[in-house]
Amino acid sequence: MILVARRLVVLVAVTLAGCQQHDGGATCPVREDAVSCLGVCLAQDSDPGSCPDACPETDSEVLLSSPSDALSQGDSARRLVGAINAARSAGGCCTTGECFEPAATLLEDSSLSLAARRHATDLSLTATFDHASSNGALTADRLLAAGYQGCSYGEDLALGIDSAAAVVDAWLASPTHCPVLLEPAFADVGIAVTEAPGGTLWVADFGG
């Protein structure tokens, strides 16, 4: 937890670089900081182990109180993508001393966006803040359940920050979020922004 401008700001990051290939038993190279995940689908079933390969598109996704909220949160998501790509195009060094060359622009991916929206909804409904969903699913599980096919995953979360620019500034200043944000292996991103207990909730799912 980081105290910024007298407001409680919470940041959580996870890097999941490495996954099982879907067409065979081989595995992709795994970074030392990778997190291993079980294949649990984020679906709203009583038995997560019986989930299909992709969760239903009809899941509730984002908590919105009015159409104006939808427009505002869509604008915030677009601003966050822009701020993330601006940081990646500049490159730089994280507080850990790990440095990154300028990286390619991330493209918005519908599967990653779906996974981010589902997780934002789950966190909002359960008033929690974690990479683990309320049913135990972890980041890689949610991305696979949403249909994303990739060999590297990452997720950054923030709570209680009002603007996209401030979110990226906080992530860049964090030793765990910065490497996720600047990781050159990532090519895609999905964003969800919603109001939750504790303030504005930001979910960024990365893949490559």
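Nothing in this text is a laboratory measurement; each read-out follows from the coordinates by a stated rule. The structure displayed is predicted, hence computed values, not measured ones.
Where does segment 153-208 land on Rg(C-alpha)/(2.2 N^0.38 Å)? Let's see the in-between values first.
Details: Rg = 11.1 Å, N = 56, 2.2 N^0.38 = 10.2 Å.
So segment 153-208 has a normalised radius of gyration of 1.09.
Rounded if a/c is under 1.5, else prolate if a/b beats b/c, else oblate: with a ≥ b ≥ c from the C-alpha gyration tensor eigenvalues square-rooted, which is segment 111-208?
oblate
Between D75 and S110, what length in nm is gained on full extension when 0.36 nm per residue of separation is reduced by their alpha carbon distance?
Once the chain is fully extended between D75 and S110, it gains 11.0 nm.
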